[in-house]
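Working notes, structure below.
The values are calculated or read from the model by the stated rules, or taken from the named source; none is laboratory data. Fair warning: this is a prediction, and the values are worked out from it, not measured in the lab. With ideal geometry, Cβ positions are generated from the backbone for all residues, glycine too; neighbour counts draw on all protein chains shown. Just the protein is used for accessible areas: all its heavy atoms, side chains included, with ligands, DNA and RNA removed. Shrake-Rupley method; radii C 1.70, N 1.55, O 1.52, S 1.80 Å.
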Amino acid sequence: PGGTVRRAAVRARLCPRRPQRCRAETGLRLYPMAMPTATATEMTTATATAMPSATATPMTTTTTLPVATATAMPISASKPTAPIGVPLSETMERVLGPLDVVSVEQTPRGCIQECLGCSARSEFILYGGYREGRMSHNIFSGVGGPPAADSFGQIGHMLEESPFFPDRCFWSGMRKLQIPIRVPDQNGEEMMSLTKDFSLPTHCIVHGDNGDLIIPMCCCLPAMKTLAPDGTVAGKAQYVCDQYLFVPKIKTYDADGNKQYLVRPDTCCAGCCPVCECGSGGGNCLYMPFYIRDPITKAKLEAGPGAKGLPAQIRNLWPGMKKECCTSADHYFIAFPAGISSATKGALLGATALLDFTVFEEKQGGCLIVQW
């Protein structure tokens, strides 16, 4: 009997004159409430809350409402769901989106600091495409000729931010640092940033009476995070220690911590030793390309069309006689895998900075020298 009274009260409130026709036209279905003490007034208030249009204006016989309006939908269901772990910005997409190759040139800094045994702040200039014209001699041999050098011009600037004392004087190989990437130069807006926490070096060199002893380190190894301008993690590059201790390698991860790529050179002797390749001129007679591979199969990945047929890789370049003899500045280029996002390209920029810090500048960042 209570349910009959409540249904009659609701019909009378919604359609006081013609309840049967109103019920047929609106498609409103009424169900007994689960609360036994509820009154007709309480049910009317609950129905008006779920259907705000019923109380705003009187309902006429010509008004039709869909059946779905009888069920109140949560507010969050109408909000669009953003993709997880892909923090893109308009600047990242505009600068890195159209590029298949990025050249990274380190500038000489802090000669006096390095002469005193301290490490200078690392500074890099980013260029779109292949920067150096002499790449045709030692990179594109047999590939079909190089693209136009410096076809995109300078696209970014990277300058390390870290305290001089004591970090860069006493434990430069373990220091905490941050490298903002600004576009198109040091006075531009911040596109992303690279951060490294305090870590152990990749290996330790012990000087003894019978020679040097190299001890690989396999805990608290260096890692470089790539952050979007709002501080969201866009990717991570981690130096890896496994059973092949003398093969430098880096694994990259996406924003959700999933493995993306394995970056390492070719190997020989059952994977125990890295393999150097021979150039055909231009000063880079021997070089060690770090190929970007599938993390499971370890197969080399194909680069985008702008790489001119080269596999995806990070390669150290010959900077010229003057820089090679008088400074520790290095040049690199990155051939990105085909079809990757701008956030992933930013993570591979972090992998390049980590390679420079751990492998190609081992006296500053890759090892700890101990006198025994």
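Here are some notes:
- For segment 198-207, the Karplus equation 6.51 cos²θ - 1.76 cosθ + 1.60, evaluated at θ = phi - 60°, returns couplings of 4, 8, 7, x, 6, 7, 10, 9, 9, 7 Hz by residue, with Gly and Pro reported as x.
- Separation in nanometres of the label points that stand 7 Å from Cα toward Cβ, at residue 186 and residue 204: 3.7
- Accessible surface of residue 157 - all protein chains present, 1.4 Å probe, nearest 10 Å²: 10
- Solvent-accessible area of residue 174 with every protein chain in place, 1.4 Å probe, in Å² to the nearest 10: 30
- Per-residue surface analysis assigns residue 204 an accessible area of about 20 Å², computed on protein heavy atoms at 1.4 Å probe radius.
- Peptides ranked, highest mean first, by Cβ atoms within 10 Å: ranges 160-172, 92-104: 92-104, 160-172
- Of 176/308; 259/300; 225/308; 196/251; 196/345, those spanning more than 27 Å from alpha-carbon to alpha-carbon: 176/308; 225/308
- Accessible surface calculations at 1.4 Å, restricted to protein heavy atoms, place segment 203-243 at 52 Å² per residue.
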